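Structure, as structure tokens:
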Amino acid sequence: MARDNESSAKRQLRSAQWFGSADKNGFMYRSWMKNQGIPDHEFDGRPIIGICNTWSELTPCNAHFRKIAEHVKKGILEAGGYPVEFPVFSNGESNLRPTAMFTRNLASMDVEEAIRGNPMDGVVLLVGCDKTTPALLMGAASCDIPTIVVTGGPMLNGKHKGQDIGSGTVVWQLSEEVKAGRISIHDFMAAEAGMSRSAGTCNTMGTASTMACMAESLGTSLPHNAAIPAVDSRRYVLAHLSGNRIVDMVHEDLRLSKVLTREAFENAIRTNAAIGGSTNAVIHLKAIAGRMGVELELDDWNRIGRGTPTLVDLQPSGRFLMEEFYYAGGLPAVLRRLGESDRLPHKDALTVNGQSLWDNVKDAPIYNDEVVRTLDNPLVEDGGMCVLRGNLAPRGAVLKPSAASPELMQHRGRAVVFENFDDYKARINDPDLDVDESCVLVLKHCGPRGYHGMAEVGNMGLPAKVLEKGVKDMVRISDARMSGTAYGTVVLHVAPEAAAGGPLAAVRNGDWVELDAYAGKLHLDISDEELQTRLAEADPTAASREIASTGGYRQLYIERVLQADEGCDFDFLVGCRGSEVPRHSH
Ligand code: FES
């Protein structure tokens, strides 16, 4: 047994605070664990590795995680560690109302306290569906023990009428086709079964795939973690190898803070531009960085990401799906292309396998130049996120140019205003709505406080009367988010939001709004005096006050959530609190 007389190296492990003493406390900690059939020699001071599992049948994207956990365990045991699997709140995107983002911070609190309060020396984060990746990384970052990410992997390509169809993206496309009268509801329903035909996460470059790529480019996972399909046997090999590796990371004291540096976040921002990643990454990376104490600003996305060519030709910006991405070489292929063209800002950033990011990818094979395109033939010349500012968004807003229509990137139009999402739903298809394709759709009160969780409704569907003309895109502005699988010339994350007194609350029907994405400008064409007068007349916080009065987690959320430019974390959760925990005495 590793008791007080064991080597100092073994006593330095966190888990020795629980299992390392021969006194009454050690007895009690070990004794209860032994009810699972653990023999005494397993308490010999070997690293205890937590497997933080977001498995849930209500999170279908993560429903195969028990099998992944079994392979992680094999790897941990093989490397001389002892695995302890534990469940945390699983916030699945498809079922959870009002939106999975509402519970991202809740899940992160669960993760943080579960890691800190339990006997583990390292942790494997099993993540997949959109918000599970940032939630687990946020919670782990606040603890800062050796940590490795294992993603569940994307679904196989969807199939409908002999064609590939992409998760989410096809829903937006076909629902607009139904609205425009171009396909039948029968055809629409037929696509349903073909879209999600295997275990795994959305197979487009939506938020789940984006965050998997972010985790890999941040250096928190082994190479290829982002793209191996969920049902590919190599996914299980990666899980096994990650189990091997986390044990060594504990011996090397390779904690998350050595990986999640400012340099790593700069690499991730550049990577997001190259993959045509989700706008949600802007919020999540800020939140993860905040937990690690790394300064990251909205303008970093302009400074580091803009101008980077989008190389990955995946839906919703392009044509292909995650299966093709993996077969083409996956994220290592993209990182190699970036590095060879001096576009990878920090090649020497450390990753969880102990090597630099560049060492991991410099010889990566690239099998398909159509999927991972070359620098001289990119999908979008000038990718990345446009960060917009102006009197309509003093603290910023974002637009994803690779998903936008080039002809709308500079546009001046008459505002058609919806006060909230219910108002939008009630009136958008009204034949009497005074709207045409030159107008700008403005949606208010869908920010973090206004729609408690900042719903993914920013890509609001176009009015039926516009769709019927064959129009596919209009400028849309809101304080909401947008699904990573969606597309369009959509201005999102306007900060401050309307429910926090932001100028969005002052926009009225008939106002003129000017978007110049190239210049980073978002302007409401009224005088400052008029803007102030309107804001003084309005009481934009009334709605959120009413919701807050209902109590519970919702009240905590509304009262303490930060704005989009700050990552939507709770103000009291920002920062790394470390893994120290007061010694418990039975
Ligand atoms: Fe879970 Fe898309 S809904 S990954």
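Determine which single condition Ala180 fails, assuming it passes every other condition in (1) small (Gly, Ala, Ser); (2) more than 21 Å from Thr103 (Cβ to Cβ); (3) within 16 Å of the ligand (Cβ to nearest atom).
(3)
Against the conditions (1) at pLDDT 95 or above; (2) under 16 Å from the mean Cα position of the chain (by Cα), where does Ser94 fall short? Just the number, please.
If we test Ser94 against (1) at pLDDT 95 or above; (2) under 16 Å from the mean Cα position of the chain (by Cα), just (1) comes out false.
Inspect all residues belonging to the range 274-293 and state whether any of them is among the polar types (S, T, N, Q), assigned to a loop (DSSP other than H, G, I, E, B) and in contact (Cβ under 8 Å) with a residue 24 or more places away in the chain.
So far as the range 274-293 goes, yes, one or more of its residues are among the polar types (S, T, N, Q), assigned to a loop (DSSP other than H, G, I, E, B) and in contact (Cβ under 8 Å) with a residue 24 or more places away in the chain.
Only residues in the range 404-418 that are closer than 14 Å to Leu524 by Cα count as the first member; pair them with residues that are among the hydroxyl-bearing types (Ser, Thr, Tyr), Cβ under 6 angstrom, at least 6 apart or cross-chain, and list the lot.
Partner pairs satisfying both residue conditions: Gly413/Ser438.
I'd like the residue in the range 34-62 that is within 30 Å of Thr99 (Cβ to Cβ) and among the polar types (S, T, N, Q) and, out of all such residues, is surrounded by the most Cβ atoms within 10 Å (Cβ to Cβ).
Top of the filtered list is Asn62.
Just to be sure I understand, how many residues within the range 100-141 are surrounded by fewer than 24 Cβ atoms within 10 Å (Cβ to Cβ) and more than 18 Å from Met292 (Cα to Cα)?
Number of matching residues: 5.
Go through the range 40-66 and give me each residue that's among the basic types (Lys, Arg) and within 19 Å of Asn91 (Cα to Cα).
Within the range 40-66, Arg66 is the sole residue that qualifies.
Just give me the residues in the range 108-135 being within 14 Å of the ligand (Cβ to nearest atom) and assigned to a helix (DSSP H, G or I), in sequence order.
Thr132, Thr133, Pro134, Ala135
Can you name every residue in the range 138-174 that is part of a strand (DSSP E or B) and closer than 29 Å to Leu350 by Cα? Walk me through how you get there before you give the answer.
Filtering the range 138-174 for residues part of a strand (DSSP E or B) gives 147-151, 154, 158-160, 163-165.
Those that are part of a strand (DSSP E or B) and closer than 29 Å to Leu350 by Cα: Thr147, Ile148, Val149, Val150, Thr151, Pro154.
From the list Gly453, Gly470, exactly one residue is at positive phi and surrounded by fewer than 18 Cβ atoms within 10 Å (Cβ to Cβ). Which is it?
Just one listed residue meets the conditions, Gly470.
Could you list, in sequence order, all residues of the range 262-276 that are surrounded by fewer than 19 Cβ atoms within 10 Å (Cβ to Cβ) and either of a type in the set (Val, Ile, Thr) or in contact with an Asp or Glu (Cβ under 6 Å, 6 or more places away or on another chain) (or both)?
Of everything in the range 262-276, nothing turns out to be surrounded by fewer than 19 Cβ atoms within 10 Å (Cβ to Cβ) and either of a type in the set (Val, Ile, Thr) or in contact with an Asp or Glu (Cβ under 6 Å, 6 or more places away or on another chain) (or both).
Counting only residues that are part of a strand (DSSP E or B) and under 18 Å from Gly384 (Cα atoms), which one in the range 453-504 is farthest from the ligand (Cβ to nearest atom)?
By that ranking, first place goes to Val491.
Within the range 78-102, count every residue that is out of contact with any helix residue (DSSP H, G or I) (no Cβ under 8 Å at 6 or more places or on another chain), not hydrophobic (A, V, I, L, M, F, W, C) and not in a loop (DSSP other than H, G, I, E, B).
1
If Phe188 satisfies all but one of (1) assigned to a loop (DSSP other than H, G, I, E, B); (2) in contact with a Ser or Thr (Cβ under 8 Å, 6 or more places away or on another chain), what's the number of the condition it fails?
Condition (1) is where Phe188 drops out.
For the range 55-68, does any single residue satisfy the condition of being of a type in the set (Gly, Ala, Ser), out of contact with any Lys or Arg (no Cβ under 7 Å at 6 or more places or on another chain) and closer than 25 Å to Met249 by Cβ?
no
Which residues, counting only those in the range 84-99, are crowded, with 24+ Cβ neighbours inside 10 Å and either within 12 Å of the ligand (Cβ to nearest atom) or touching a residue at least 60 places away in the same chain (Cβ under 8 Å) (or both)? Don't jump to the end; show me each part of the working.
Start the filter on the range 84-99 by keeping residues that are crowded, with 24+ Cβ neighbours inside 10 Å, which leaves 88, 90-91, 93.
Hits for the range 84-99 are Ser90, Asn91, Glu93.
Can you pull out every residue in the range 65-83 that is within 16 Å of the ligand (Cβ to nearest atom) and of a type in the set (Val, Ile, Thr)?
Residue satisfying the conditions is Ile68 alone.
Which residue pairs have Cβ atoms under 8 Å apart, sit 6 or more places apart or on different chains, and have a first residue in the range 48-70 that is in a strand (DSSP E or B) and a second that is within 13 Å of the ligand (Cβ to nearest atom)?
Short answer, once both residue conditions are applied: Asn53/Phe65.
Check Leu388, Leu375 and return the single one that is surrounded by fewer than 23 Cβ atoms within 10 Å (Cβ to Cβ) and among the aliphatic types (A, V, I, L, M).
Result of the check over Leu388, Leu375: Leu375.
For the range 191-213, name all the residues that are in a helix (DSSP H, G or I) and either within 11 Å of the ligand (Cβ to nearest atom) or crowded, with 21+ Cβ neighbours inside 10 Å (or both).
Met195, Thr207, Ala208, Ser209, Thr210, Met211, Ala212, Cys213
The values are calculated or read from the model by the stated rules, or taken from the named source; none is laboratory data. Bear in mind the structure is a predicted one, so any value in this text is a computation, not a measurement. Every residue, glycine among them, receives a Cβ derived from its backbone with ideal geometry; neighbour counts consider all protein chains shown.
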